[in-house]
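Inspection log for the structure reproduced underneath, given as structure tokens.
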Amino acid sequence: MDIKLGCTNLLHALQLFDRMIVAQPIPPISSFNRVLGTVAKSMHFAQVISLYKRMITVEILPDYITLNILLNGFCRMGHIGFGFSVLSTFLKRGYWPNTVTYTSLIKGLCLVDEVGEAVKLFERMIEWGYTPNVITYGTLVNGLCKTSKTQHALELHYKMINRNDFFGVRWKPNVVLYGTLIDGLCKEGFVCKAKELFSEMKGRGISADVIVYSSLINGLCSVGSWEDAKAFFNEMLDTGVCPNAITYNVLINALCKTGKSKEANELLELMIQRGIQPDSFSYNTLLDGYCLENKINDAKEWFVSMGNKQIGIDVVSYNVIINGLCKCGRIEEAMNLYKQMNHKGVSPNIITFNTLFTGLFKKNKVEAARTLLLELKDHNVTANSITYKIILEGLCKREDCLMEALELFQNLKSFKPTISMFNCILDGLCKGGKLNIASELFHGLSKNNLVPNVVTYSIMIHGLCRNGELEKAENLFQEMETLGCEPNVVTFNILMRAFCHNKDFEKVVQLLQKMAKKHVSPDASTMSIVVNLMSKDEKYDDLLHLFPTFPMNMPKKDYVSGGDKFLTS
């Protein structure tokens with residue numbers, strides 16, 4: 001057996017191992033290490049551990065290299081505890097771990113999200129006299145950036161840069177390390193810091209590659225710095241760095257989001273001219289751009305041309321067009337497209353159904369929505385909380401469907417109802433004159449481990465006011481304040497409108513004063529109530545001096561809480 005020839009691939013390595021382990025005499029450990037190394041390079045780490053166990057069974061003792069390969073295998077599989085067990089075996093056998101050993105452990109800790117422990121181990125390495133190499137440092141920086149700790153990674157970077165050397169070894173970061181840091185900074189919104197790091201990299205004579213440029217361009221686009229992004233794109237062209245599909249997609253996406261679908265189309269044509277084939281993301285982004293600009297007919301033409309060019313039209317492509325049609329109120333066309341995708345073998349997903357439900361209820365096509373709900377099972381699609389919220393909202397807008405909505409809500413068993421769903425039902429019941437049922441549901445919120453939010457309270461206060469129960473409404477308003485739920489401008493307007501209608505003008509003024517004290521900005525509805533108050537009260541001059549002054553630049557409180565829109569109509 002010619003062990004020296006080594007092994008060229010995984011299959012050959014495994015066959016060679018089978019022959020070696022039964023050979024007499026047994027080949028030296030170095031031969032087994034070459035086999036284990038080949039298997040490890042093929043990323044079959046479980047296989048490495050299995051082969052090692054077979055070696056131990058026939059009493060083939062591992063050496064320093066064997067243990068490093070084994071430790072790396074455990075760490076790459078996320079079995080960090082076993083990795084540290086191998087480290088103790090190192091020490092028991094009188095071996096000293098090296099930089100490779102600690103790098104494997106650091107990578108393993110990062111893989112299991114123990115990045116803090118990885119940083120500690122890195123620092124101990126240096127304290128114990130080991131010299132981290134660029135792979136060690138890159139592993140740790142990558143782990144920090146992936147866990148949104150890029151600022152810590154940057155601090156580590158400067159700490160390393162500011163050291164003159166590591167035991168005589170000059171520290172030299174490379175383009176991969178800078179790329180990791182720049183990408184992490186951009187993803188966390190620190191784009192200015194990323195630009196500074198880019199300049200530092202160039203100052204060190206390190207040329208940026210397409211990954212670095214793409215990360216920076218993506219970061220600039222995400223914060224709306226389109227001109228800077230365009231400048232970096234031109235710079236990369238001038239320096240001979242060829243943009244890839246990701247670079248173009250980032251720019252196409254940015255143009256579409258800012259209503260420049262025409263320019264995005266031109267960029268896609270440039271992409272093709274430069275020999276880079278657009279992917280489905282490129283085309284779908286452009287489709288979405290047309291829809292965002294309400295150019296639904298252009299989007300449909302583009303969609304048809306995708307089919308003619310034999311570009312793979314996927315579920316995302318269909319969803320974009322269906323969404324655009326629904327927003328334009330062209331629900332019949334949207335439903336026809338849904339049928340077409342079924343006919344062409346493109347399976348709809350929950351986004352498809354949620355979009356269609358929204359469109360159908362918008363057009364008051366309740367029966368069609370009921371039919372569509374039954375079709376979810378046919379496509380193995382499971383409704384989610386968004387689906388039921390859309391359906392409940394749609395049913396609650398029709399008084400004749402209120403009890404159907406309530407029954408659907410009470411029969412939800414697949415997942416726990418959210419406060420948003422409760423708000424939807426409560427609003428429908430209150431507006432439909434079923435205040436008793438709404439009150440019963442409201443007082444039972446705690447049984448579902450839910451806490452009412454400002455929207456919930458505003459709905460109930462509105463219902464009580466419409467029912468003429470102002471005292472109860474005022475008590476509920478005080479209750480929400482006591483429980484720490486701050487009222488917003490909608491809540492105040494509801495009560496003020498009710499008191500104004502009841503000619504209790506003093507209460508209206510008190511609420512206005514409380515609004516000012518709580519820094520809740522008035523809106524057009526508030527102003528309308530005040531004007532109404534002044535027109536009804538003959539002695540409004542006596543009340544005028546009691547009106548509070550609202551600062552011009554008062555911080556506004558959101559009218560919406562928990563993703564709900566509360567309408568007082």
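In segment 408-420 there is at least one residue matching the filter, namely being more than 29 Å from residue 475 (Cα to Cα) and part of a helix (DSSP H, G or I). The helices (runs of 4 or more DSSP H) found wholly in segment 154-244 and carrying at least 3 residues that are charged (D, E, K, R) occupy 191-203, 226-238.
Per this entry, residue 221 is not counted among residues that are within 25 Å of the chain's Cα centre (by Cα), modelled with pLDDT of 90 or more, more than 26 Å from residue 180 (Cα to Cα) and crowded, with 18+ Cβ neighbours inside 10 Å. Residue pairs whose Cβ atoms lie under 6 Å apart, sitting 6 or more positions apart in sequence or on different chains, and linking a residue in segment 404-433 that is farther than 16 Å from residue 460 by Cβ to a partner that is crowded, with 24+ Cβ neighbours inside 10 Å and of a type in the set (Val, Ile, Thr), are 409/425. Checked against (1) modelled with pLDDT under 90; (2) under 21 Å from residue 115 (Cβ atoms); (3) surrounded by fewer than 19 Cβ atoms within 10 Å (Cβ to Cβ), residue 162 passes all but a single condition, namely (2). With respect to the stated conditions, residue 455 is touching a strand residue (DSSP E or B) at 6+ places or on another chain (Cβ under 7 Å), within 30 Å of residue 482 (Cβ to Cβ) and of a type in the set (A, V, I, L, M).
One residue stands out among those in segment 381-426 that are touching a helix residue (DSSP H, G or I) at 6+ places or on another chain (Cβ under 8 Å) and among the polar types (S, T, N, Q): the one that is farthest from residue 455 (Cα to Cα), which is 382. Selection of segment 481-519 for residues being under 33 Å from the mean Cα position of the chain (by Cα) and at pLDDT below 90 yields only 519. When residues in segment 445-460 are screened for being part of a loop (DSSP other than H, G, I, E, B) and at pLDDT below 90, 2 of them pass. Note down all Cβ pairs under 6 Å where the first residue falls in segment 271-282 and is farther than 18 Å from residue 318 by Cβ and touching a residue at least 40 places away in the same chain (Cβ under 8 Å), the second is outside any loop (DSSP other than H, G, I, E, B) and of a type in the set (S, T, N, Q), and they're at least six residues apart or on different chains. Final answer for the pair search is none. Looking only at residues in segment 388-400 that are surrounded by 16 or more Cβ atoms within 10 Å (Cβ to Cβ) and over 21 Å from residue 376 (Cα atoms), the one that is modelled with the highest pLDDT is 396. Within segment 283-290, identify whether any single residue is assigned to a helix (DSSP H, G or I), more than 30 Å from residue 240 (Cα to Cα) and among the aromatic types (Phe, Trp, Tyr), and answer yes or no. Checked against the condition, which is being assigned to a helix (DSSP H, G or I), more than 30 Å from residue 240 (Cα to Cα) and among the aromatic types (Phe, Trp, Tyr), segment 283-290 yields at least one hit. Farther than 21 Å from residue 319 by Cβ, of a type in the set (A, V, I, L, M, F, W, C), out of contact with any helix residue (DSSP H, G or I) (no Cβ under 8 Å at 6 or more places or on another chain) and without any contact (Cβ under 8 Å) to a residue 40 or more places away in the chain: does that describe residue 245? Considered against the rule, which asks whether it is farther than 21 Å from residue 319 by Cβ, of a type in the set (A, V, I, L, M, F, W, C), out of contact with any helix residue (DSSP H, G or I) (no Cβ under 8 Å at 6 or more places or on another chain) and without any contact (Cβ under 8 Å) to a residue 40 or more places away in the chain, residue 245 comes out as no. Looking across segment 178-212, just one residue is in contact with a Phe, Trp or Tyr (Cβ under 8 Å, 6 or more places away or on another chain), surrounded by fewer than 22 Cβ atoms within 10 Å (Cβ to Cβ) and either of a type in the set (Val, Ile, Thr) or modelled with pLDDT under 90 (or both), and that is 206. So in segment 122-131, with the set limited to residues that are assigned to a helix (DSSP H, G or I) and surrounded by fewer than 19 Cβ atoms within 10 Å (Cβ to Cβ), which one is nearest to the chain's Cα centre (by Cα)? Only one residue fits best here, namely 123. Among the numbered conditions (1) in a loop (DSSP other than H, G, I, E, B); (2) free of Cβ contacts under 8 Å to residues at least 24 places away in the same chain; (3) among the aliphatic types (A, V, I, L, M), the only one that residue 26 does not meet is (2).
Within the option set 83, 108, being within 21 Å of residue 48 (Cβ to Cβ) and touching a Leu at 6+ places or on another chain (Cβ under 6 Å) holds for one residue only, 83. Residues in segment 93-117 that are assigned to a loop (DSSP other than H, G, I, E, B) and either touching a residue at least 60 places away in the same chain (Cβ under 8 Å) or within 15 Å of residue 135 (Cα to Cα) (or both): 98 alone. Within segment 466-480, restricting attention to residues that are surrounded by 12 or more Cβ atoms within 10 Å (Cβ to Cβ) and among the polar types (S, T, N, Q), the residue that is nearest to the chain's Cα centre (by Cα) is 475.
In segment 85-100, which residues are buried (at least 16 other Cβ atoms within 10 Å of the Cβ) and either over 21 Å from residue 38 (Cβ atoms) or touching a strand residue (DSSP E or B) at 6+ places or on another chain (Cβ under 7 Å) (or both)? Within segment 85-100, 87, 90, 95, 97 meet the criteria. Taking (1) more than 37 Å from the chain's Cα centre (by Cα); (2) surrounded by fewer than 20 Cβ atoms within 10 Å (Cβ to Cβ) in turn, residue 451 satisfies each apart from (1). Among residues of segment 124-137 that are closer than 8 Å to residue 99 by Cβ, those with a Cβ under 8 angstrom from a residue that is assigned to a loop (DSSP other than H, G, I, E, B) and at pLDDT below 85, sequence gap 6+ or separate chain, pair up as 125/132; 131/167. Annotation note: of 49, 60, 80, 65, the sole residue that is surrounded by 16 or more Cβ atoms within 10 Å (Cβ to Cβ), modelled with pLDDT of 85 or more, closer than 22 Å to residue 142 by Cα and not aromatic (Phe, Trp, Tyr) is 80.
The values are calculated or read from the model by the stated rules, or taken from the named source; none is laboratory data. Please read all numbers here as calculations on a predicted model, not as lab measurements. Glycine gets a Cβ as well: all are built from the backbone with ideal geometry, and neighbour counts include every protein chain shown.
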